[in-house]
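Chemist: Pasting a structure here, questions to come.
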Amino acid sequence: MGAALALPVLWELFRMGYYAMLVHNTTLAKEAALARWDQGWRYFVDTVGTYYLAVPLLVVALFVAPRVATAWRVGQRTVAALVAAPIAVGLVQWVYVIRVGGDFMHGRVLLPGLFAILLPAAALRVSRRQLVGFAALGVWALLVGTVVRVPYRGDIGPAGIADERGVYAGWARRAHPVAADDYARWVWLRRGRDLRRLAAQGKPVLILGERGFADAKQRLPLRSSQDRPVAVFTSVGMLSFAAGVDVHVVDQLALGDVIASHQRVDVRGRPGHEKLLHLAWAAARFADPSAPPPPLGPTTAETAAARRALRCEPLAELFAATQDRLSTRRFMKNMGAALRLHRLRFSPSPVVAVQELCGGSA
């Protein structure tokens, strides 16, 4: 038991000291503790209904339930518990997924629970009387694998759930896109390569979203302490890969940004896309304070409010914990900060956030 717990405990201590967080940033970005049962049920039906998963679940129930009941009746309680445990764990995982609202990608977060529920059927001996049920299961698997498809194939469905692989394959116009060049036509890859060229030219500018790429007037000069381009964008995986390590990419959708992930969700939206970093926060963190605001970017008042909020507690502590140079002293301070900052939430609007965080001093 101790050996099994050693690695996760050590990783948790490292996370607290290095990131000043009790959980990974994605947990905060997607608010994994908030309940959203209605959207979660839509997500569950979207997967279970599409693939008629009632069929394999019924077969497994008819196969496993008598074994568990018999083992319990004859006193083999350990055997019964071992067989029932993965099913119980899988069902609990499904209930949790439904509670938090599911996901934006079709089916994926229900798969661990599904595999756990089906696990006992892969370990128990099949009798001759049960072969009919498993033959039906084979027919189901054949139909699902060859005929059944998600109804919004290659697109995003009405509930905000996407056939993610189909979407990307459609963008790439290739059946099996793997390499970066497969997405050469897509804007994210092109923007990333634009950033790589800016870094190679030694042009440290702040690019605020797509407008900053399209119009040089929408870019801002950086603080003197910044020596590489900074780009704020909503889709950072492909763009960051193409941009390379000499570019600082800020994830506007919060998955990779600690300020954005601590924002409060005031209005529920598409799962996993509910937190959007106001561009004023990026301007306050990276731009030259004396630079005039871009024509279509955050206003002077919004940027000033964000800059002021970053100096107020507890946001100032969060910013220092994640941006200061790491040292033994900082690591130990972050351990305590992780506990204090876990529940920190503030408004996405800098003007509102400065009132919440700074109070009368705002």
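Chemist: Being in contact with a helix residue (DSSP H, G or I) (Cβ under 8 Å, 6 or more places away or on another chain) and not in a loop (DSSP other than H, G, I, E, B) is the filter here; which residues of the range 95-107 pass it?
Modeler: Val97, Ile98, Arg99, Val100, Met105
Chemist: What pairs can you find where one residue is in the range 305-317 and at negative phi, the other is hydrophobic (A, V, I, L, M, F, W, C) and in a loop (DSSP other than H, G, I, E, B), and their Cβ atoms are less than 7 Å apart, with a gap of 6+ or different chains?
Modeler: Once the first residue is at negative phi and sits in the range 305-317, its partners that are hydrophobic (A, V, I, L, M, F, W, C) and in a loop (DSSP other than H, G, I, E, B) give Arg308/Ala362; Pro314/Leu344; Ala316/Leu310.
Chemist: Pick out the one residue from His273, His262 that is buried (at least 18 other Cβ atoms within 10 Å of the Cβ) and within 19 Å of Phe233 (Cα to Cα).
Modeler: Just a single option satisfies the conditions, and that option is His262.
Chemist: Filtering the range 182-211 down to residues that are of a type outside the set (Phe, Trp, Tyr) and touching a Leu at 6+ places or on another chain (Cβ under 7 Å), which residue is nearest to Val245 (Cα to Cα)?
Modeler: So in the range 182-211, the residues of a type outside the set (Phe, Trp, Tyr) come out as 182, 184-185, 187, 189-211.
Adding the requirement that they be touching a Leu at 6+ places or on another chain (Cβ under 7 Å) leaves 191-192, 204-206, 208-209, 211.
Values: Arg191: 15, Gly192: 11, Pro204: 14, Val205: 15, Leu206: 16, Leu208: 19, Gly209: 19, Arg211: 23 Å.
The qualifying residue nearest to Val245 (Cα to Cα) is Gly192.
Chemist: For the range 97-153, how many residues are within 27 Å of Ala65 (Cβ to Cβ), more than 22 Å from the chain's Cα centre (by Cα) and aliphatic (A, V, I, L, M)?
Modeler: 20
Each row is one residue, and each column tells you yes or no for (1) over 22 Å from Glu31 (Cα atoms); (2) surrounded by 13 or more Cβ atoms within 10 Å (Cβ to Cβ); (3) in contact with a helix residue (DSSP H, G or I) (Cβ under 7 Å, 6 or more places away or on another chain).
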position	(1), (2), (3)
Ala287	yes, yes, no
Ala306	yes, yes, yes
Ala316	no, yes, no
Ala321	no, yes, yes
Arg330	yes, yes, no
Ala337	no, yes, yes
Val352	no, yes, no
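Chemist: Any idea which residue in the range 42-85 is nearest to Pro151 (Cα to Cα), counting only those that are under 26 Å from the mean Cα position of the chain (by Cα) and loosely packed, with under 15 Cβ neighbours inside 10 Å?
Modeler: The extreme case among them is Gly49.
Chemist: Quick check: anything in the range 156-173 under 26 Å from His248 (Cβ atoms), out of contact with any Ser or Thr (no Cβ under 6 Å at 6 or more places or on another chain) and in a helix (DSSP H, G or I)?
Modeler: Within the range 156-173 (the criterion being under 26 Å from His248 (Cβ atoms), out of contact with any Ser or Thr (no Cβ under 6 Å at 6 or more places or on another chain) and in a helix (DSSP H, G or I)), the answer is yes, since at least one residue qualifies.
Chemist: Count, please, the residues in the range 140-166 that happen to be aliphatic (A, V, I, L, M), surrounded by fewer than 17 Cβ atoms within 10 Å (Cβ to Cβ) and farther than 15 Å from Arg108 by Cα.
Modeler: 6
Chemist: Additional query: Within the range 294-304, can you find the residues that are assigned to a helix (DSSP H, G or I), among the small types (Gly, Ala, Ser) and in contact (Cβ under 8 Å) with a residue 24 or more places away in the chain?
Modeler: Ala301, the sole residue that qualifies.
Chemist: A further question follows. Name the single residue, out of those in the range 36-56 being part of a helix (DSSP H, G or I) and of a type outside the set (A, V, I, L, M, F, W, C), that is nearest to Arg270 (Cα to Cα). Walk me through it before giving the result.
Modeler: Of all residues in the range 36-56, those part of a helix (DSSP H, G or I) come to 37-48, 54-56.
Filter once more, so that each one left must be of a type outside the set (A, V, I, L, M, F, W, C): 38-40, 42-43, 46-47, 56.
On the way: Asp38: 13, Gln39: 9, Gly40: 11, Arg42: 12, Tyr43: 11, Asp46: 15, Thr47: 17, Pro56: 30 Å.
Among those that are part of a helix (DSSP H, G or I) and of a type outside the set (A, V, I, L, M, F, W, C), it is Gln39.
Chemist: Checking Ala121 against (1) touching a Gly at 6+ places or on another chain (Cβ under 6 Å); (2) of a type outside the set (Ser, Thr, Tyr); (3) in a helix (DSSP H, G or I), which test does it fail?
Modeler: Unmet condition: (1).
Chemist: Give the residues of the range 124-155 that are in contact (Cβ under 8 Å) with a residue 40 or more places away in the chain, of a type in the set (Val, Ile, Thr) and not in a loop (DSSP other than H, G, I, E, B), sorted by residue number.
Modeler: Val144
Chemist: Go through Pro86, Pro8 for me and flag whichever is farther than 17 Å from Leu111 by Cβ and without any contact (Cβ under 8 Å) to a residue 40 or more places away in the chain.
Modeler: Pro8
Chemist: Then there's this: With respect to Leu119, determine if the residue is closer than 30 Å to Lys30 by Cβ, in contact with a Pro (Cβ under 9 Å, 6 or more places away or on another chain) and modelled with pLDDT under 95. Explain how you work it out, then say what you get.
Modeler: Details: closer than 30 Å to Lys30 by Cβ: yes; in contact with a Pro (Cβ under 9 Å, 6 or more places away or on another chain): yes; modelled with pLDDT under 95: yes.
Judged against the criteria, Leu119 is a match.
Chemist: State whether one or more residues within the range 19-35 are outside any loop (DSSP other than H, G, I, E, B) and surrounded by fewer than 13 Cβ atoms within 10 Å (Cβ to Cβ).
Modeler: To start, the set of residues in the range 19-35 that are outside any loop (DSSP other than H, G, I, E, B) comprises 19, 25-29.
Those left that are additionally surrounded by fewer than 13 Cβ atoms within 10 Å (Cβ to Cβ): none.
No, the conditions are met nowhere in the range 19-35.
The values are calculated or read from the model by the stated rules, or taken from the named source; none is laboratory data. None of the values given here were measured: they were computed from a predicted structure. Because the Cβ atoms are built from the backbone with ideal geometry, glycine has one as well, and the counts that use them run over all protein chains shown.
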